[in-house]
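One structure is given here, and the rest of the page talks about it.
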Amino acid sequence: MTIRAHFTPATQPPVPEQDRHVLATVTYGDTSGLARGRGGHPDLTIPMAVTGGDAFREVWTVTGRPRWTLRGDHAYAHNGRHLFVAGLLPEQAVYTPPVRALYEKAFAIVDYLDYSHVFRMWNFVGDIVGTNAEGMEVYQDFVQGRAQAFHTYMGGDSTAQLPAATGIGTQGRGIAFFLLATKRGAPRHIENSRQTSAYHYPDQYGPKPPSFARATLLDDTLYVSGTASILGHETVHRGDVRRQTRETLANIAHLISRENLAAQGIEAAGHDLKDLRMIKVYVRHDDDVPAVRAVCEETLGLGVEVKYLNVAVCRDDLLVEIEGIVPARGWDL
Ligand code: 3EB
């Protein structure tokens with residue numbers, strides 16, 4: 001019925017599951033690209049593997065057979081229920097206009113194919129804490145273009161419809177993204193009472209605030225955005241990767257708790273960190289991976305698969321960012 005994801009080694013073709021089809025895949029390795037995977041589905045490749053870590057693939061599957069389209073800088077896949085759209089933008093002197101154009105194209109595909117809600121987005125920004133040709137931070141340059149595209153797509157007061165997202169660096173150049181949209185169902189976007197809504201961040205960070213929600217609930221599955229060591233809108237535990245990892249996990253634990261969901265008007269059982277799957281941990285410094293892994297294993301246990309990636313986070317002082325999914329019962333990950 002619904003969309004699911006699992007990890008496989010990148011060296012292995014996606015193992016077909018009973019009655020399910022590959023919608024699209026995302027490969028986390030050493031190169032950058034958008035091409036057809038074996039079998040014909042779109043595969044977006046992002047360079048972000050940890051040193052000595054094996055490339056892996058995130059396989060998104062659905063029940064009805066998808067149609068796949070690949071067109072140079074973008075690709076999409078859909079089956080009447082779910083839509084995947086990916087795009088690739090080469091390195092630019094200034095990102096705002098081309099990011100706006102590429103994301104508007106993606107939203108035009110969402111509209112044209114008549115998928116009513118974007119519910120999760122991943123944004124991969126090369127040189128994310130670097131500066132563009134005009135001296136603006138690349139992340140802020142990206143954020144501005146994305147905000148303009150969301151404004152075009154959603155119009156005036158769009159904040160209530162912004163999806164969960166990840167915004168993260170890569171080991172390459174240029175920008176890549178993918179989004180997931182649904183034809184049916186009503187995604188609920190969730191904020192975290194420990195954190196200022198990103199779309200209300202003050203302008204000290206950049207001219208436009210980031211366009212994303214802290215989590216999105218769809219079909220009893222909770223998609224947790226990239227989360228960092230931020231309380232209110234401020235980075236906490238500067239220079240201490242262990243404390244940042246603990247605070248990040250505390251932010252996620254609170255986000256998915258019954259208490260926070262209830263405060264967001266969602267009557268749900270509430271979850272804890274042991275319910276989290278498809279966990280990706282983005283670590284700024286390769287050397288910090290063992291320390292971050294130790295804290296994650298302390299908190300999450302050893303029973304759950306956690307993928308570690310080596311990339312910069314969107315603020316220079318953030319050393320770690322973590323995302324995951326609390327699946328509906330029956331995902332069987
Ligand atoms: C933060 O909380 C950390 O710009 O899409 C997390 C998730 C972050 C998504 C994005 C940025 C984004 O502000 C950074």
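The values are calculated or read from the model by the stated rules, or taken from the named source; none is laboratory data. Note that the structure is predicted; figures quoted are calculated from it, not measured. A quick note on method: Cβ atoms are made from the backbone with ideal geometry, for glycine too, and the neighbour counts reach across all protein chains shown.
Numbers for the structure displayed
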| item | result |
| --- | --- |
| Flag for Thr216 being of a type in the set (Val, Ile, Thr), crowded, with 24+ Cβ neighbours inside 10 Å and within 18 Å of Leu83 (Cα to Cα) | yes |
| Candidate set from segment 52-89 (those that are under 21 Å from the mean Cα position of the chain (by Cα) and not in a strand (DSSP E or B)); member that is nearest to His117 (Cα to Cα) | Arg81 |
| Contacts under 7 angstrom Cβ, first residue in segment 304-318 being of a type in the set (Ser, Thr, Tyr), partner at pLDDT below 95 and more than 16 Å from the ligand (Cβ to nearest atom), 6 or more apart | Tyr308/Val50; Tyr308/Gly53 |
| Test: Arg258 is surrounded by fewer than 17 Cβ atoms within 10 Å (Cβ to Cβ), within 13 Å of Ile322 (Cβ to Cβ), of a type in the set (D, E, K, R) and without any contact (Cβ under 8 Å) to a residue 40 or more places away in the chain | no |
| Qualifying residue in segment 70-79 (condition: of a type in the set (Phe, Trp, Tyr), closer than 23 Å to Gly174 by Cα, surrounded by 14 or more Cβ atoms within 10 Å (Cβ to Cβ) and modelled with pLDDT of 95 or more) | yes |
| Residue tally, condition part of a loop (DSSP other than H, G, I, E, B), aliphatic (A, V, I, L, M) and loosely packed, with under 13 Cβ neighbours inside 10 Å, over segment 261-276 | 1 |
| Hits in segment 162-186 (condition: modelled with pLDDT of 95 or more, over 17 Å from Val99 (Cα atoms), more than 10 Å from the ligand (Cβ to nearest atom) and not in a strand (DSSP E or B)) | Gln171, Lys183 |
| Condition check for Ala149: away from the ligand (no atom under 12 Å from the Cβ) and buried (at least 20 other Cβ atoms within 10 Å of the Cβ) | yes |
| Filter result (part of a helix (DSSP H, G or I), among the aromatic types (Phe, Trp, Tyr) and buried (at least 23 other Cβ atoms within 10 Å of the Cβ)) within segment 98-141 | Tyr103, Tyr139 |
| Residue check, Leu273 touching a Leu at 6+ places or on another chain (Cβ under 9 Å) and within 16 Å of the ligand (Cβ to nearest atom) | no |
| First in segment 266-282 and touching a residue at least 60 places away in the same chain (Cβ under 8 Å), second anywhere and of a type in the set (Val, Ile, Thr) and not in a loop (DSSP other than H, G, I, E, B), Cβ under 6 Å, 6 or more apart | Met278/Ile325; Tyr282/Ile168 |
| Unmet criterion (only one of (1) free of Cβ contacts under 8 Å to residues at least 60 places away in the same chain; (2) within 16 Å of the ligand (Cβ to nearest atom)) for Glu134 | (2) |
| Residues of segment 277-330 classified as more than 16 Å from the ligand (Cβ to nearest atom), in a loop (DSSP other than H, G, I, E, B) and either within 16 Å of the chain's Cα centre (by Cα) or surrounded by fewer than 17 Cβ atoms within 10 Å (Cβ to Cβ) (or both), total | 9 |
